[in-house]
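As structure tokens, the structure follows; a few thoughts come after it.
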Amino acid sequence: MRLTWARPEDLIAHELVQSEAEGRDVGRFRDLWVAAGGDPVPPVSGAGPAPASARLRALARDLLDQLDALPRPDDHCSPDGWARIQAVLPTASPPAPASRAAVPDGLGRRLHGAWTGRAAGCLLGKPVEKIPREGIEEILRSTGRWPLDRWFTAVGLPADVAARWPWNRRSASTSLEENIDGMPEDDDLNYPMLSLTLLERHGRGFTTDDVAALWLDLLPAGRTFTAERAAYRNILDARPVPETATRHNPFREWIGALIRADVYGWTNPGDVHAAACLAWTDARLSHTRDGVYGAMWAAALASAAMVAETAEEVLDAAQAVVPVGGRLEDAIHLGRDAAREGDVRAGLDRLHAAYGDLHWVHVLNNAATIAHALARGAGEFGPSVSIAVTAGWDTDSAAATVGGVVGALRGTEGIGAPWTAPIDGRIATSLPGGERRIDDLAARTLALTGPAPATTDPRTP
């Protein structure tokens with residue numbers, strides 16, 4: 001069995017990269033791994049071509065243990081505890097939370113648009129997930145769809161292009177124009193559904209342990225990836241929080257927690273700090289530092305989208321939960337700045353020049369993409385999600401977040417029938433209970449909106 005995101009021989013190469021990014025000296029560990037015959041280059045798709053020998057796998061486990069034990073250099077701009085995070089947030093207060101009555105066209109309309117937009121954005125990116133930017137462009141040009149403005153298709157795709165850039169294996173049969181029949185299952189929709197259930201069961205006072213217990217109750221282990229798969233293993237190994245996020249988990253600053261955060265914003269309309277606090281409580285199960293901040297920012301985007309009028313207003317409001325002087329702030333600023341001049345290609349060139357060395361699932365390159373797509377797309381659904389996809393990193397996740405924001409701003413009818421009709425208001429899921437209706441998800445979310453408690457949480461450090 002080819003097990004991705006879990007084999008020690010695959011994790012160690014990713015951990016060497018992550019530890020070095022955190023300021024640890026990994027030279028000795030890399031030398032030991034290479035001298036024993038290990039590959040120091042991280043596998044792009046989650047697993048190398050063949051499993052390691054028992055001897056090499058044992059060494060990988062030992063090196064992972066040693067790297068986990070190394071002290072992490074302190075970074076005052078990148079704390080983990082909520083109180084310390086609050087201390088490095090911008091001092092200027094965001095706009096006061098809007099009441100339900102103050103939202104001109106109603107929360108219900110915005111929530112329906114947010115769920116629909118998240119699904120449509122994710123669906124657009126699904127068939128080309130893992131395909132780099134140049135491959136996406138070649139596919140689109142060869143099928144007469146460049147620049148991207150509609151669903152991908154295999155109709156007319158030359159055989160040599162298809163062989164060079166194969167579709168995502170799991171998605172090709174459900175995510176192309178000719179075969180879409182509702183929103184197919186995807187972790188980018190599973191996690192918001194889980195967050196909704198979490199809030200229904202535990203309210204806003206949920207703990208990180210509540211998140212872990214819900215995963216064990218409802219989330220199939222095989223539908224977790226990267227940091228979530230590592231955290232799932234650590235939960236089953238009885239590791240306590242926050243060790244669930246750090247033990248043998250080189251993906252702790254990737255995008256996984258960001259894709260889990262939208263519901264925390266949707267249920268706190270206009271209160272970006274309350275949304276960010278809930279996202280932090282969830283994210284710390286599996287992520288640290290920028291991985292957590294990315295979730296906080298995504299929750300703030302979703303919160304602001306419930307009350308704002310423009311994408312720029314959303315971006316401005318969400319900045320209030322981004323630590324000052326950190327790498328995530330730099331990524332967001334770059335994404336927005338690159339949207340102010342030149343064309344889309346020039347803007348994406350700037351993002352790739354800055355972050356082209358990162359794995360396609362990292363949080364920083366994808367946060368820059370989300371910020372860029374929202375700023376450049378200017379509240380238009382098709383252009384916004386298309387930019388997020390053609391950036392060529394985590395295509396479905398970035399476009400899902402962008403789609404949720406723009407969908408909230410415009411409502412389902414403002415997204416446009418070409419994007420909404422194929423989804424038919426239906427979302428498949430691997431969670432118990434099967435397919436969900438967007439009407440029902442939006443109504444359940446609306447029932448959870450209301451005033452939030454104070455965002456200083458005494459339950460957790």
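The values are calculated or read from the model by the stated rules, or taken from the named source; none is laboratory data. Values in this document were obtained by computation on a predicted structure and should not be read as measured data. All Cβ positions, even for glycine, are placed from backbone atoms using ideal geometry, and neighbour counts span all protein chains on display. Please note that ligands, DNA and RNA were not included when accessible areas were found on the heavy atoms of the full protein model with its side chains. Shrake-Rupley method; radii C 1.70, N 1.55, O 1.52, S 1.80 Å.
Considering only residues that are open to solvent by 30 Å² or more (accessible area, probe 1.4 Å) and aliphatic (A, V, I, L, M), look in region 236-270 and name the one that is nearest to N365 (Cα to Cα).
V241
Does region 142-154 include one or more residues that are among the small types (G, A, S), modelled with pLDDT of 95 or more and within 19 Å of the chain's Cα centre (by Cα)?
Taking every residue of region 142-154 in turn, none turns out to be among the small types (G, A, S), modelled with pLDDT of 95 or more and within 19 Å of the chain's Cα centre (by Cα).
Just to be sure I understand the filter: pairs with C-beta atoms under 7 Å, separated by 6 or more residues or on different chains, first member in region 409-423 and in contact (Cβ under 8 Å) with a residue 12 or more places away in the chain, second member charged (D, E, K, R) and open to solvent by less than 20 Å² (accessible area, probe 1.4 Å). Which pairs pass?
Pairs found: G411/R110.
Pull out all pairs, ordered by first then second residue, where Cβ-Cβ is under 8 Å, the residues are six or more apart or on different chains, the first lies in region 171-183 and is on the phi > 0 side of the Ramachandran plot and modelled with pLDDT of 95 or more, and the second is outside any loop (DSSP other than H, G, I, E, B) and not β-branched (V, I, T).
G182/R426
Report, by residue number, each residue of region 429-443 that is touching a Ser or Thr at 6+ places or on another chain (Cβ under 9 Å) and buried (at least 17 other Cβ atoms within 10 Å of the Cβ).
L431, R436, I438, A442
Does region 42-49 include one or more residues that are outside any helix (DSSP H, G or I), out of contact with any Gly (no Cβ under 8 Å at 6 or more places or on another chain), within 27 Å of E129 (Cα to Cα) and hydrophobic (A, V, I, L, M, F, W, C)?
Yes, that holds for at least one residue.
Looking only at region 133-170, count every residue that is crowded, with 16+ Cβ neighbours inside 10 Å, in contact (Cβ under 8 Å) with a residue 60 or more places away in the chain and assigned to a loop (DSSP other than H, G, I, E, B) and tell me the total.
Result for region 133-170: 2.
Under the condition of being of a type in the set (F, W, Y) and open to solvent by less than 20 Å² (accessible area, probe 1.4 Å), which residue from region 200-235 is farthest from A274 (Cα to Cα)?
Out of the qualifying residues, it is W215.
Would you pick out the residues in region 329-355 that are among the charged types (D, E, K, R) and assigned to a loop (DSSP other than H, G, I, E, B)?
Residues satisfying the conditions are R340, E341, D343.
List, please: which pairs have Cβ atoms under 8 Å, are six or more places apart or on different chains, and start with a residue in region 345-365 that is in contact (Cβ under 8 Å) with a residue 12 or more places away in the chain and end with one that is acidic (D, E) and buried (at least 21 other Cβ atoms within 10 Å of the Cβ)?
Note: pairs meeting the criteria are W360/D394; V361/D394; H362/E253; V363/E253; V363/D290; L364/E253; L364/D290.
So in region 348-394, with the set limited to residues that are of a type in the set (S, T, Y) and over 13 Å from the mean Cα position of the chain (by Cα), which one is farthest from D316 (Cα to Cα)?
T390
Among the residues of region 3-43, which ones are open to solvent by 20 Å² or more (accessible area, probe 1.4 Å), touching a residue at least 24 places away in the same chain (Cβ under 8 Å) and among the aliphatic types (A, V, I, L, M)?
Correct list: L3, A6, V17, A21, L32, V41.
Which pairs have Cβ atoms under 6 Å, sit 6 or more apart or on different chains, and link a residue in region 44-72 that is closer than 10 Å to R7 by Cα and open to solvent by 50 Å² or more (accessible area, probe 1.4 Å) to one that is at pLDDT 95 or above and outside any loop (DSSP other than H, G, I, E, B)?
That search, which allows pairs on different chains as well, returns R57/P8; R57/E9; R61/P8.
Please enumerate the residues belonging to region 371-397 that are part of a helix (DSSP H, G or I), open to solvent by less than 10 Å² (accessible area, probe 1.4 Å) and in contact (Cβ under 8 Å) with a residue 60 or more places away in the chain.
Of everything in region 371-397, those that are part of a helix (DSSP H, G or I), open to solvent by less than 10 Å² (accessible area, probe 1.4 Å) and in contact (Cβ under 8 Å) with a residue 60 or more places away in the chain turn out to be L374, G377, F381, S384, V385, S386, A388, V389, T395, D396, S397.
Output the number of residues of region 404-428 satisfying the condition of being assigned to a loop (DSSP other than H, G, I, E, B), among the β-branched types (V, I, T) and open to solvent by 20 Å² or more (accessible area, probe 1.4 Å).
0
L194 fails exactly one of the following numbered conditions: (1) within 20 Å of D440 (Cβ to Cβ); (2) free of Cβ contacts under 8 Å to residues at least 40 places away in the same chain; (3) surrounded by 21 or more Cβ atoms within 10 Å (Cβ to Cβ). What is the number of that condition?
(2)
Restricting attention to region 110-121, does a residue exist that is within 14 Å of A391 (Cα to Cα) and either modelled with pLDDT of 95 or more or part of a loop (DSSP other than H, G, I, E, B) (or both)?
yes
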